[in-house]
Amino acid sequence: MTTAPASRTRERLRAHTRRAAGYDLLGRLPAPTGALSWVRDGSGLVGWGEAARFEASGPDRFAAADRWWREFTDELEVDDELDVPGTGPVAFLSMAFSDRPGHSVLVVPEVVVGRRNGHSWTTTIGAGGRWRVEPVRRPTEVRYADGQVPVTGYREAVRTAVDRMRAGDLDKVVLAHDLLAVADIDIDHRFVLEGLARRYPECWVYAVDGLIGATPELLLRRSGSVVDSRVLAGTTWPHDGMSDDELAAALLSSGKNLDEHEYAVTSLVETLRPFCSTMSVDGPSVLRLPNVSHLSSDVIGTLSGTPSLLALGEALHPTAAVGGTPRADAITMIDELEGMDRGRYAGPVGWIDGNGDGELGIALRCAQVEGRTARLYAGCGLVAESDPDSEVREAHAKMLPFREALEGM
């Protein structure tokens with residue numbers, strides 16, 4: 001494990017939250033890089049600057065991050081006029097999918113602007129000084145190239161996984177591949193975020209340390225003693241000659257997709273149950289997005305103890321929606337067949353406050369952005385009935401959100 005706290009964490013910092021007028025959250029981000037975001041349909045949090053930072057890797061990354069955050073907030077002086085989830089000290093976080101090599105990060109911004117349930121606020125941590133607002137820039141040309149796992153390699157990996165599942169090796173596995181996008185200028189994080197938010201208001205639009213995306217899947221929300229999750233598994237996409245209602249009906253009657261969804265829901269419920277005194281499941285229904293539709297179920301629980309958001313996230317990750325069933329066998333197959341480091345793709349992403357409350361999504365529909373280059377990721381849940389060519393088309397559909405945002409479509 002490696003840690004890299006900012007030097008200013010050694011000083012006694014002050015977090016000050018004050019009420020503010022309503023804001024266009026993404027419109028407040030001042031700089032083309034370094035954006036921090038967790039926004040859905042105009043509500044959520046954005047941040048910029050860096051009051052402190054923590055990095056971790058390895059199988060104990062969740063526990064190490066949780067411990068660091070508790071120690072950091074214990075040393076803060078907090079002046080919070082609202083005292084609601086998301087006010088006071090906040091860290092944006094993005095956790096690695098795999099134990100190894102794995103690179104996870106928590107960033108505590110100098111400035112956080114939030115809006116939720118009729119409240120709007122600004123929090124400053126440390127200096128929180130003035131920031132020059134730079135104009136948003138868009139690329140005029142984007143080129144694409146194969147990533148570590150090209151389409152041909154992905155199709156073959158899917159075929160091998162399906163053969164093994166038909167032989168009874170495991171029930172479900174999620175395999176992914178990547179695509180490189182190269183723009184003619186350094187990519188402005190704000191331009192991509194605004195494009196994703198405009199086209200996908202139902203999704204959580206996020207950015208942490210250059211990982212930018214729009215996820216429809218809420219791994220976990222903790223608010224006091226209440227936790228809830230939205231499980232997505234089972235997917236279709238637009239087909240010529242089929243209406244949205246016909247696509248939804250076909251998805252709800254698809255044995256392959258219903259099986260995939262049931263594995264994901266059961267996995268989450270069984271993992272979360274030991275932490276809860278009561279639990280309920282609502283679904284499946286169909287969540288319709290512009291590029292795909294998913295089977296969706298909501299899980300709500302009442303905590304019996306006081307585990308933090310990160311402790312719960314460690315227990316849940318990876319769910320069957322991004323790993324497979326049984327979990328250990330699926331992870332072994334992913335390591336063997338995928339042939340790439342997922343980085344923080346498909347890992348938990350979101351925010352946590354000083355009370356241990358917060359929201360974690362699953363980092364989907366995303367890319368890791370560095371300068372002019374974005375590395376896009378997409379994956380599909382596979383069961384024994386999966387068809388390799390169909391899974392390739394599904395992965396292509398899942399890359400469209402980021403591609404469209406980057407190209408300004």
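The values are calculated or read from the model by the stated rules, or taken from the named source; none is laboratory data. All of these numbers come straight from a predicted model, not from anything done at the bench. Here the Cβ positions follow ideal geometry from the backbone for every residue, glycine too, while neighbour counts run over all protein chains shown. Ligands, DNA and RNA are excluded from the accessible area calculation, which covers all protein heavy atoms including side chains. Shrake-Rupley method; radii C 1.70, N 1.55, O 1.52, S 1.80 Å.
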When you scan the stretch 318-349, how many residues do you find that are under 18 Å from the mean Cα position of the chain (by Cα), part of a strand (DSSP E or B) and β-branched (Val, Ile, Thr)? 1
List every residue pair whose Cβ atoms lie under 9 Å apart, where the two residues are 6 or more positions apart in sequence or sit on different chains, the first residue falls within the stretch 394-409 and is more than 14 Å from residue 375 (Cα to Cα) and modelled with pLDDT under 95, and the second residue, located anywhere, is among the polar types (S, T, N, Q) and in a helix (DSSP H, G or I). none
Of all strands (runs of 3 or more DSSP E) fully inside the stretch 13-86, the set with 1 or more residues that are open to solvent by less than 30 Å² (accessible area, probe 1.4 Å), of a type in the set (Val, Ile, Thr) and at pLDDT 95 or above is 14-19, 36-40, 43-48
Looking only at the stretch 244-277, count every residue that is more than 21 Å from residue 317 (Cα to Cα), open to solvent by 20 Å² or more (accessible area, probe 1.4 Å) and not small (Gly, Ala, Ser) and tell me the total. 6
Would you check if there is a residue in the stretch 305-317 being in a loop (DSSP other than H, G, I, E, B), more than 22 Å from residue 65 (Cβ to Cβ), open to solvent by less than 20 Å² (accessible area, probe 1.4 Å) and modelled with pLDDT under 95? no
Any hit, the stretch 358-377, residues being in a helix (DSSP H, G or I) and touching a residue at least 24 places away in the same chain (Cβ under 8 Å): no
For the structure I just gave you, tell me whether residue 299 is β-branched (Val, Ile, Thr), within 16 Å of residue 102 (Cα to Cα), at pLDDT 95 or above and not in a helix (DSSP H, G or I). no
Give me the strands (runs of 3 or more DSSP E) completely within the stretch 138-235, filtered to those with at least 2 residues that are surrounded by 16 or more Cβ atoms within 10 Å (Cβ to Cβ), in contact with a strand residue (DSSP E or B) (Cβ under 7 Å, 6 or more places away or on another chain) and among the β-branched types (Val, Ile, Thr), ordered by residue number. 172-183, 204-208, 211-215
